[in-house]
Structure formats: C-alpha cells, structure tokens
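Structure, as structure tokens:
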Amino acid sequence: MGRWVDTDDLIDAQGVADLLGLAQRNTVSSYQRRYSDMPRSVVDLGKGRCKMWLRSEVLLWSAKRQAR
C-alpha cells in the first residue's frame, strides 16, 4: 500500500527551488545528489516527468540545515 499524503502539501521542483532560494528548479536534482538527507520526492512519474515533494518535509529539512 502506498503512502498517504495531503495533496495540498505537494509541491513540484520549482516549489522546492523557491523554498530553498535556488535560482533554477534543475538545481533540486543537484541538491539531492549532494545532500543524502534531503527529502526525496513522494511522487515520481518517471524520467523527464513530474516529481512532487511534501512542502512540510522540505521546510523541516531546510530549517535543520540552517540551524547547523
């Protein structure tokens, strides 16, 4: 069985980039390679297609990184 998520909490790569202050959405992929603890997408429709993250997980991760 899949994971239950609040659809209002879903954001795409551009949303992640905006939350993290990144200039481009493509940078999200680089961050995921660089930071193993960065939240992974909860929706992945395959190569070149939409990925979605939980806003709450990205915000929590960002806050923890800034606290360091």
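Report every pair of residues separated by at least 6 positions or lying on different chains whose Cβ atoms are under 8 Å apart, first residue within region 40-63 and in contact (Cβ under 8 Å) with a residue 12 or more places away in the chain and in a loop (DSSP other than H, G, I, E, B), second crowded, with 16+ Cβ neighbours inside 10 Å and of a type in the set (Lys, Arg).
Partner pairs satisfying both residue conditions: SER41/LYS51.
List the pairs whose first member sits in region 17-39 and is closer than 14 Å to LYS51 by Cβ, whose second member is at pLDDT 95 or above and of a type in the set (D, E, K, R), and whose Cβ atoms are under 6 Å apart, counting only residues at least 6 apart or on separate chains?
Final answer for the pair search is PRO39/GLU57.
Please enumerate the residues belonging to region 16-39 that are assigned to a loop (DSSP other than H, G, I, E, B) and of a type in the set (Lys, Arg).
The answer is ARG25, and nothing else.
For the subset of region 42-67 comprising residues that are of a type in the set (S, T, N, Q) and modelled with pLDDT of 95 or more, which member is surrounded by the fewest Cβ atoms within 10 Å (Cβ to Cβ)?
If we filter region 42-67 for residues that are of a type in the set (S, T, N, Q), which is where we start, we get 56, 62, 66.
Checking the rest, the ones that are also modelled with pLDDT of 95 or more come to 56, 62.
Numbers: SER56: 13, SER62: 16.
Among those that are of a type in the set (S, T, N, Q) and modelled with pLDDT of 95 or more, it is SER56.
Check region 20-34 and report whether any residue there is of a type outside the set (Gly, Ala, Ser) and touching a strand residue (DSSP E or B) at 6+ places or on another chain (Cβ under 6 Å). Walk me through it before giving the result.
First, the residues of region 20-34 that are of a type outside the set (Gly, Ala, Ser): 20, 22, 24-28, 31-34.
This time we only want the ones that are touching a strand residue (DSSP E or B) at 6+ places or on another chain (Cβ under 6 Å), so: none.
There is no residue in region 20-34 that is of a type outside the set (Gly, Ala, Ser) and touching a strand residue (DSSP E or B) at 6+ places or on another chain (Cβ under 6 Å).
Starting from residues that are assigned to a loop (DSSP other than H, G, I, E, B) and hydrophobic (A, V, I, L, M, F, W, C), keep the ones in region 1-15 and report whichever is surrounded by the fewest Cβ atoms within 10 Å (Cβ to Cβ). If you could, list the steps in order and put the result at the bottom.
So the first thing to find is which residues in region 1-15 are assigned to a loop (DSSP other than H, G, I, E, B), and the list is 1-6, 12.
Right, trim to hydrophobic (A, V, I, L, M, F, W, C) and you get 1, 4-5.
Numbers: MET1: 3, TRP4: 5, VAL5: 14.
The selected residue is MET1.
The values are calculated or read from the model by the stated rules, or taken from the named source; none is laboratory data. Owing to the predicted nature of the structure, the values given are computational and were not obtained by experimental measurement. All Cβ positions, glycine included, derive from the backbone under ideal geometry; neighbour counts span all protein chains shown.
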